[in-house]
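Let me begin by presenting the structure, written as structure tokens, before commenting on it.
The values are calculated or read from the model by the stated rules, or taken from the named source; none is laboratory data. Note that the coordinates shown come from a computational prediction; the quantities given were computed from them, not determined experimentally. Every residue, glycine as well, gets a Cβ built from its backbone with ideal geometry; the counts of neighbours run over all protein chains shown. These accessible areas exclude ligands, DNA and RNA; they are computed on the full protein's heavy atoms, side chains included. Shrake-Rupley method; radii C 1.70, N 1.55, O 1.52, S 1.80 Å.
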Amino acid sequence: MEKYLEVLQKCPLFEGVHPTELVGLLDCLGGRQVQAAKEQTVLLEGEPAVYVGIVLEGAVRLERQDYYGNRSILGKVLPSEIFAEAFAML
């Protein structure tokens, strides 16, 4: 995780946290790193979001699929940005 400290420091979630405290904070929060392949689904609509996601590298595309299979792209999450925060906090 130390490889991504610079990216994590740019994340609004960790604003004001000193770099030396960040690793310990991630441990306390149960932070873990998950790698996803290109085009892999990270979270489906309707699934419970138990974690807040932070993109460390690459990007995550947010999309919605309707009943007929049509997909709408809602946005793109880039490194140091968070996703699923609204659903993980319920």
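The figures follow:
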quantity: Subset tally (residues that are open to solvent by less than 100 Å² (accessible area, probe 1.4 Å) and in contact with a Leu (Cβ under 9 Å, 6 or more places away or on another chain)) for the stretch 1-16; calculated: 7
quantity: Any pair with Cβ under 8 angstrom, 6 or more apart, that starts in the stretch 48-77 at a residue that is of a type in the set (Ser, Thr, Tyr) and ends at one that is open to solvent by less than 100 Å² (accessible area, probe 1.4 Å) and part of a loop (DSSP other than H, G, I, E, B); calculated: Tyr51/Ala84; Ser72/Asp66
quantity: Some residue of the stretch 64-84 being part of a helix (DSSP H, G or I) and surrounded by 12 or more Cβ atoms within 10 Å (Cβ to Cβ); calculated: no
quantity: So Glu45, is it modelled with pLDDT under 90, of a type in the set (Asp, Glu) and in contact with a strand residue (DSSP E or B) (Cβ under 7 Å, 6 or more places away or on another chain); calculated: yes
quantity: Hey, Val55 in contact with a strand residue (DSSP E or B) (Cβ under 6 Å, 6 or more places away or on another chain) and closer than 22 Å to Pro12 by Cβ or not; calculated: yes
quantity: Qualifying positions in the stretch 17-28 - open to solvent by 80 Å² or more (accessible area, probe 1.4 Å) and within 19 Å of Glu85 (Cα to Cα); calculated: Asp27, Cys28
quantity: Per-region count, the stretch 63-79, residues under 28 Å from Pro12 (Cβ atoms) and out of contact with any strand residue (DSSP E or B) (no Cβ under 7 Å at 6 or more places or on another chain); calculated: 2
quantity: Restricting the stretch 35-63 to residues that are open to solvent by less than 60 Å² (accessible area, probe 1.4 Å) and not β-branched (Val, Ile, Thr), the residue that is farthest from Tyr4 (Cα to Cα); calculated: Ala49
